[in-house]
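What follows is calculated from the coordinates using simple rules that are stated; it is not laboratory data. Quick caveat: nothing in here was measured; it's all calculated off a predicted structure. Ideal geometry is used to build each Cβ from the backbone, glycine not excepted, and the neighbour counts take in all protein chains shown.
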Amino acid sequence: MKSRFNNVKIKGIVTVLPQNRIDIDDEIGYFDNNQKKLDRAKKMVGFGSRYVVSENMTVVDMAQEAAEILIEELKEDKNTIDTLILVTQSPDYLYPASSCILHGRLGLGENCAAFDVGLGCSGYVYGLWLAHSLVSSGASKKVLLLAGDDASTHSCRENRISNPLFGDAASATLIEHTDEENTAYFVMGTRGSGWDKIVAPATGRRLPVREDISGLEITDNSGNKWHLYDEILKGIDVFNFTMEVAPQNMLEALEYSGKSIDDIDYFSIHQANKQIVDTIIAKSGIPKEKTTSEVFSKYGNNSTNSVATVVCDKLKDKTSNYIMLEAFGVGLSWGNAIVNISELNNLGIRFMKDKNLPSREDMIENWIKHFKGE
Amino acid sequence: MDRNEFLTQMQDILQTDEELSFDMNLDDLEEWDSLSKMATVAFLDSNFGVKTTFSDFESIKTIEDIAKKAGI
């Protein structure tokens, strides 16, 4: 589906990463302690460094930090934010929506709609699309878009297939009305028949974690350990899906906007891994100097936040007009945005200090008290 | 792409020091692992517009089999 919106601007953005850095050179165990294997993986997939949440830290904590930085540094009046959207596939609870928890933590006014959007890799573009629609229609005056994921926790650390790909991140973006026409273009799509190509099976209501699952550990032919609540990613199928959909999506969005590759100052492509991004770049014919596959090597695959991580890392302190965001993945779902960021306050990447968060034991004890009515 | 160039590209994909030939058994190569299989999928897609599925690898035994998929 295609849509365009006028009189909306993206006022500010910041991405927050946890400070806990993991370097692939320290993870040679993933490669049977074989330096040659590690070097091949670095060259082919682009493994480098990534930043992961510490124990007990979640997307909500990172998103709160990002929102607080953005509100403070843009000197926003909290009471003027009338919509809060959180895009994540890793909420704190099935209910209430984590956007409501964030609304409370941030101390926003009650004259404010808050809701979650449950998407991964394509999610940031969906959030941006919703925010544009709300502001352009007049339904909302100012949208705080929070987005993030903690995909490093979606498999166990010993799992060499999934775990080394992912880093964690969250962002805050402010979207509001402008008198300028400032047209934004979006082209989105879904292939629901491929829902099981990227899935974490025992994480919702269909297959709740009970005793028969909680201790279950599966070992595959390569010796990787899996649990039913881990993420399954069917690499070759997802690669083929991506190559079929992403370059085409980019082309369609260019056509729809009436713009050429020359009119776009930068292309932010979801950093699934370096190999995937490089293949998309080659197939779509965009110039290498206007895009990157290196952000994957710096921060890993940031899932929901990936395209925002690229914007914050590569475009801070640069003047850009129209840029393209191309995001694709779990769903299967994809989205493309062509937006003008000439008025964007790009606060870049910030690192978050570990907070004193309640431990697992504290939380369990606390909830027991609640159930007992104490 | 001619067959010589194809072999050079396979050398790069496998990143192996062994001298490659079209009829050698891929399973004898330590480097024929999930990394180089993904790189093969990407190589066939980018250069020949050919899609490879997971099950295709059951019947790919030699570099000749990969060349056949590429149509060269």
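Using the crude model of +1 on Lys and Arg Cβ and -1 on Asp and Glu Cβ, and no other charge, please compute the dipole size for segment A:245-327 relative to its Cα centre, in debye to 20.
Here segment A:245-327 has a charge dipole of around 240 debye.
Lys/Arg Cβ at +1, Asp/Glu Cβ at -1, dipole of the protein assembly as shown taken about the Cα centre: which of A:Asn34, A:Pro164, A:Asn366 is farthest positive-ward?
Ranked along the dipole, the leading option is A:Asn366.
What distance in nm separates the simple spin-label points at B:Asn4 and B:Asp17, each placed 7 Å from Cα in the Cβ direction?
Result: 2.6 nm between the two label points.
What number comes out for the charge environment of A:Phe239, summing +1 per Lys or Arg and -1 per Asp or Glu over other residues with Cβ under 15 Å away?
With Lys, Arg at +1 and Asp, Glu at -1, the net is +2.
List the pair-distance distribution P(r) of chain B, using every Cα-Cα distance, as the percent of pairs falling in each 10 Å bin from 0 up to the bin containing the longest distance, rounded to whole percents.
Reading upward from the zero bin: 19, 64, 17.
Taking the Cα centre of each part, how many Å lie between segment A:206-259 and chain B?
Measuring centre to centre over Cα atoms gives 24 Å.
Could you order the peptides A:145-155, B:8-18, A:308-318 from most to least packed, using the average number of other C-beta atoms within 10 Å per residue?
So the peptides A:145-155, B:8-18, A:308-318, ranked by packing, come out A:145-155, A:308-318, B:8-18.
Quick check: net charge around A:Phe186, other residues with Cβ under 10 Å of its Cβ, Lys/Arg +1 and Asp/Glu -1?
+2
Please work out the Cα center distance from segment A:1-80 to segment A:300-330, rounded to the nearest Å.
11 Å
Let's see if you can work this out: charge +1 on each Lys and Arg Cβ, -1 on each Asp and Glu Cβ, no other charges. What is the dipole magnitude of the protein assembly as shown about its Cα centre, in debye to the nearest 20?
Roughly 1040 debye, rounded to the nearest 20.
Select from A:Thr203, A:Cys112, A:Met44 the residue farthest towards the positive end of the dipole of segment A:2-372; place +1 on Cβ of Lys and Arg, -1 on Cβ of Asp and Glu, and compute about the Cα centre.
Result: A:Met44, furthest along the dipole toward the positive end.
Collect residues whose amide H, placed 1.01 Å from N in the peptide plane, falls under 5 Å from the amide H of B:Thr62; neighbours closer than 5 in sequence don't count.
HN-HN under 5 Å from B:Thr62: B:Leu26.
Give me the inter-chain shielding for A:271-280: mean count of other chain Cβ atoms within 10 Å, whole number please.
Working: counts 0, 0, 1, 0, 5, 2, 0, 2, 5, 1.
Mean partner-chain Cβ count within 10 Å for A:271-280: 2.
So what are the ³J(HN,Hα) numbers for segment A:273-285, from phi and the Karplus equation (6.51, -1.76, 1.60; θ = phi - 60°), rounded to whole Hz, Gly and Pro as x?
These are the phi-based 3J(HN,Hα) values: 6, 4, 4, 5, 5, 4, 5, 4, 4, 5, 6, 8, x Hz.
How large is Rg/Rh for the protein assembly as shown, to two decimals, with Cα atoms and a Kirkwood Rh?
Here the Rg-to-Rh quotient is 0.99.
Can you give the mean number of other chain Cβ atoms that lie within 10 Å of the Cβ atoms in peptide B:33-46?
Values: counts 4, 6, 8, 2, 2, 8, 5, 1, 7, 8, 1, 0, 8, 6.
Taking all residues of B:33-46 together, the mean is 5.
Starting from the Cα of B:Asp27, step 7 Å along the direction of its Cβ; do the same at A:Lys141; then give the gap between the two resulting points in nm.
Result: 7.0 nm between the two label points.
Using θ = phi - 60° and the Karplus curve 6.51 cos²θ - 1.76 cosθ + 1.60, what whole-Hz ³J(HN,Hα) does each residue of segment A:308-315 get, with Gly and Pro shown as x?
Result, ordered by residue: 6, 4, 4, 4, 5, 7, 9, 10 Hz.
Output the peptides A:104-111, A:173-180 sorted from most to least packed, where packing is the average of other Cβ atoms within 10 Å over each peptide's residues.
A:173-180, A:104-111
Which ³J(HN,Hα) values, rounded to whole Hz and listed in residue order, are derived for segment A:178-191 from phi using the Karplus coefficients 6.51, -1.76 and 1.60 in 6.51 cos²θ - 1.76 cosθ + 1.60 with θ = phi - 60°, glycine and proline given as x?
Karplus values, whole Hz, x for Gly and Pro: 9, 6, 5, 5, 6, 4, 10, 10, 9, 10, 10, x, 9, 10.
Using helices alone, I'd like the mean residue ellipticity at 222 nm for chain B: each DSSP H run of four-plus residues gives -39500 (n - 2.57), total over residue count, nearest 500. Could you put the intermediate results ahead of the total?
Working: 4 runs with 39 residues, N = 72.
Result for chain B: -16000 deg cm²/dmol, rounded to the nearest 500.
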